[in-house]
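See structure below.
The values are calculated or read from the model by the stated rules, or taken from the named source; none is laboratory data. Note that this is a predicted model, so its numbers are computed, not measured. Reconstructed Cβ throughout: ideal geometry from the backbone, glycine too, with neighbour counts over all protein chains shown. When the accessible area is computed, the model is the full protein with side chains, heavy atoms only, and any ligands, DNA or RNA have been set aside. Shrake-Rupley method; radii C 1.70, N 1.55, O 1.52, S 1.80 Å.
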Amino acid sequence: TRRDGAAQRVLLRDFSLECAAASVTTLMGPSGCGKSSLLAAIAGLPLSGLHASLQVELAGQRVDHLPTSQRRIGVLFQDDLLFAHMSVRDNLLFAVPPGSRAHRAQQVDRALAELGFEAMAQRNPLTLSGGQRARVSLMRTLLAQPQALLLDEPFSKLDVALREQFRQFVFEHARRLQLPTLLVTHDAADVADPSRVVDLSAI
């Protein structure tokens, strides 16, 4: 529910959704219907002015009682949210789970190689293009080893050509890692699987 002044407005009620591994389910609907709020509630993020009561299961286990940091749910937003005071390499290293220094460094090296960004490792992310920052942001999310992926319009700020490239980059990684993925978008071109589209305006 959302509180508007003294009144409360129900965004979603009795709503159930199952996302299969390696699939991309798309949420669509007009602004204000609850798409982004639903993603935030699933991830356990703060919901300003909203109250959410929901059950979230991941790999057969309830996670809705856990804090965000323990849910193992990766989230990509419209903005890349890279740390400007850290290098590209340190942004990636920030996400790697605890372990030996050598093992963590190895994971970052592999990620940089996959991106083709070895020469950019020490650069400030603000010096990268929008498409490059988007790729670093996705790789940072994946290095945290999530068990599911939430996408809150992460393609919307890219131009048409970059949007298509990054969209395929994200979807390919989600499928390869067998991640159930939930995408919020207003653009029908973002839909990965027409059979997995949920229009919240019809609920």
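Using heavy atoms of the protein chains and a probe of 1.4 Å, the accessible area assigned to CYS19 is about 40 Å².
From the Cα gyration tensor of the range 54-184, with a ≥ b ≥ c the square roots of its eigenvalues, which class applies: rounded if a/c is under 1.5, or else prolate if a/b is larger than b/c, or else oblate?
Numbers: a/c = 1.83, a/b = 1.22, b/c = 1.50.
Taking the square roots of the gyration eigenvalues as a ≥ b ≥ c, the range 54-184 is oblate.
Using the Cβ-Cβ distance between SER156 and HIS65 with R0 = 25 Å, the FRET efficiency computed as 1/(1 + (r/R0)^6) comes to roughly 0.20. Figure note: ILE203, ILE42 ranked by solvent-accessible area, largest first, 1.4 Å probe, ligands and nucleic acids not counted: ILE203, ILE42.
Considering only HIS65, SER137, PHE77, and ranking their Cα positions along the charge dipole of the chain that arises from unit charges at the beta-carbon of Lys, Arg, Asp and Glu, the one farthest toward the positive end is HIS65. Amide hydrogen proximity for THR26: with H placed 1.01 Å from N in the peptide plane, the residues at 5 or more positions away or on another chain lying under 5 Å are LEU183, VAL197, VAL198. Here's how it looks for LEU58: its modeled amide H is under 5 Å from those of VAL63, which are all 5 or more places away or on a different chain.
By its C-alpha gyration tensor, with a ≥ b ≥ c as the square roots of the eigenvalues, how is the range 112-174 shaped: rounded for a/c under 1.5, else prolate for a/b larger than b/c, else oblate?
Oblate shape, in that a/c is at least 1.5 and b/c is the bigger or equal ratio.
With a Förster radius of 41 Å, plug the Cβ-Cβ distance of GLU18 and ALA105 into 1/(1 + (r/R0)^6) and report the FRET value to the nearest 0.05. Step by step, r from the Cβ atoms, then E = 0.60.
Rounded to the nearest 20 debye, the dipole magnitude of the chain is 480 debye, with +1 charges on Lys and Arg beta carbons, -1 on Asp and Glu beta carbons, and the Cα centre as origin. PHE83 exposes around 60 Å² of accessible area when a 1.4 Å probe is run over every protein chain in place.
Sorted by accessible area with a 1.4 angstrom probe, largest first, how do ARG101, ARG123 fall?
On the way: ARG101 205, ARG123 90 Å².
Putting ARG101, ARG123 in descending order of accessible area: ARG101, ARG123.
Heavy-atom surface analysis with a 1.4 Å probe gives the chain a carbon and sulfur content of 51 percent of its accessible area.
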